[in-house]
Amino acid sequence: MHSLPLVSIITPSYNQGRFIRQTIESVLNQKYPNIEYIIIDGGSSDNTLEIIKEYESKIKWISEKDNGQSDAINKGFSMANGEIIAWLNSDDIYLEDAIQKAVDFFTVYPDYGLVYGEGYLIDENGNNHGRFPCTQEFDEWTLVHKSDYIMQPTTFFKKEAFFRVGKLDTNLHWCMDWDLWIKLSKCYPVGYINDYLACSREYDETKTSTGGIKRFKEIVKVMRKYGNYRYPPGYFLYGCATLLTITKNYLIVHQIARLITFFISHLVFSPIPFWKESESAKRFKDEY
């Protein structure tokens, strides 16, 4: 067993008692034999801790106040001993042999810093709503300027690479994973596994669903930080998506938003006249 690389999985948790058992068991039921599993709980007041304690002979865990999800994940990775690391949110789940597939990839491509795969979308009741539709083979320009097509729970990366690029940015609330993928891609090759590795749970209370304008502004901040355009295609794609989300309870306004989205979606890949080189992207490349 000890000749196999240790894989450390971190689960940040806060009041997710209705989902966390499925998350834990999806990790513990992996067939790969050399896994370290750490749960970083932010001081849950529901039944989360009762559930965690049922598994404490097989996991490591702490429960204490933190400064948000990114801080909890960074804390967990600082505790981790694995050569390969990943985080699995407390409402997401791994599919069978996900970790083995990631290890197999890094065995063949040891110089890669990040790998991701295909994933499914599930709802709060665990119903499968099909493939995450954005996933594609890796393309850095698309990742920076257009969309985050990498589904977070399908990702695995090298611990050395994670700390080299500066961990998760705790100033980001919605896009810390996207920001990390870009940082890793500028320093290491990124791989894609054409197989299903995980399920991401989507429901009304998730951060992504409730982010609104604040989330959109953070998305734009990340694209401009690393990209070559002031108004990249992703500015319009995520702008339209945000408009549809915030108008969904207003029928007439929502219909107008749908029309706007239709027209913009046909124009978004035209040349954008307002663009500039990102100085922070240049600095990042020079520094690393």
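Before moving on, here are some points about what is shown:
- Using 0.36 nm per residue and subtracting the Cα-Cα separation, the extra length available between L244 and N29 on full extension is 73.5 nm.
- Only Lys, Arg (+1) and Asp, Glu (-1) charged, at Cβ; region 25-95 dipole about Cα centre in debye: 240
- Put in line by how crowded their Cβ is, counting other Cβ atoms within 10 Å and starting with the fewest, W141, W178 read W141, W178.
- Leading residue at positive end of dipole, the chain (Cβ point charges), from G166, C199, Y37: G166
- Rounded tilt (10° steps) of 176-185 against the dominant C-alpha axis of the chain: 90
- For region 195-255, applying the loop criterion from DSSP together with a ceiling of 12 other beta carbons within 10 Å to the GluC sites (Glu not before Pro) yields E205.
- Nonlocal amide H pairs with Y229, under 5 Å, H built at 1.01 Å: K276
- Segment K60-F263, length gained on full extension (0.36 nm per residue, minus Cα span): 68.0 nm
- Rounded to 5, the percent of DSSP beta bridges in the chain classed as antiparallel: 25
- Lys/Arg +1, Asp/Glu -1 at C-beta; the chain dipole; positive extreme among I264, I219, N67: I264
- Peptides ranked, highest mean first, by Cβ atoms within 10 Å: ranges 221-230, 150-159: 150-159, 221-230
- Computed from backbone phi, the HN-Hα couplings of region 227-240 come to x, 9, 10, 6, 10, x, x, x, 4, 7, 4, 6, x, 5 Hz, rounded to whole numbers (Karplus: 6.51 cos²θ - 1.76 cosθ + 1.60, θ = phi - 60°; Gly and Pro given as x).
- Annotation: the residues C187, C134, C240, sorted from fewest to most other C-beta atoms within 10 Å of their own C-beta, follow the order C134, C187, C240.
- With θ taken as phi - 60° and the Karplus curve 6.51 cos²θ - 1.76 cosθ + 1.60 applied, the whole-hertz 3J(HN,Hα) list for region 6-21 is 6, 10, 9, 10, 10, 10, x, 9, 7, 6, 10, x, 6, 10, 5, 4 Hz, x standing for glycine and proline.
- Region 86-165: GluC sites (Glu not before Pro) in DSSP coil with no more than 14 other Cβ atoms inside 10 Å: E96, E124, E137
- Within region 138-173, backbone nitrogen closer than 14 Å to the virtual label 7 Å beyond the Cα of E83 toward Cβ: 157-161
- Per-residue HN-Hα couplings for region 103-110 [Karplus 6.51, -1.76, 1.60; θ = phi - 60°; Hz; x = Gly/Pro]: 4, 4, 5, 5, 5, 7, 10, x
- Amide H contacts of G17 (H built 1.01 Å from N, in plane; Pro and chain starts excluded): N47, T48 sit under 5 Å, all sequence-distant by 5 or more or on other chains.
- Taking amide H as placed 1.01 Å from N in the peptide plane, the amide H of A198 sits under 5 Å from that of L95, Y120, each at least 5 places away or on another chain.
- Cβ-to-Cβ counts within 10 Å put H129, H173 in ascending order as H129, H173, the fewest first.
- Remark: for residue pairs K75/K214; K159/K225; K58/K159; K60/K225; K60/K159, the C-alpha separation exceeds 27 Å in K60/K225.
- Dipole-positive endmost among Y116, P232, Y188 within the chain (Cβ charges, Cα centre): P232
- Size of charge dipole - the chain - debye, nearest 20, with Cβ of Lys, Arg +1 and Asp, Glu -1, no other charges: 1040
- Acute angle (nearest 10 degrees) that the helix 69-79 long axis makes with the longest principal axis of the chain, alpha-carbon atoms: 40
Values in this text are rule-based calculations from the coordinates and carry no lab data. Quick caveat: nothing in here was measured; it's all calculated off a predicted structure. Every residue, glycine as well, gets a Cβ built from its backbone with ideal geometry; the counts of neighbours run over all protein chains shown.
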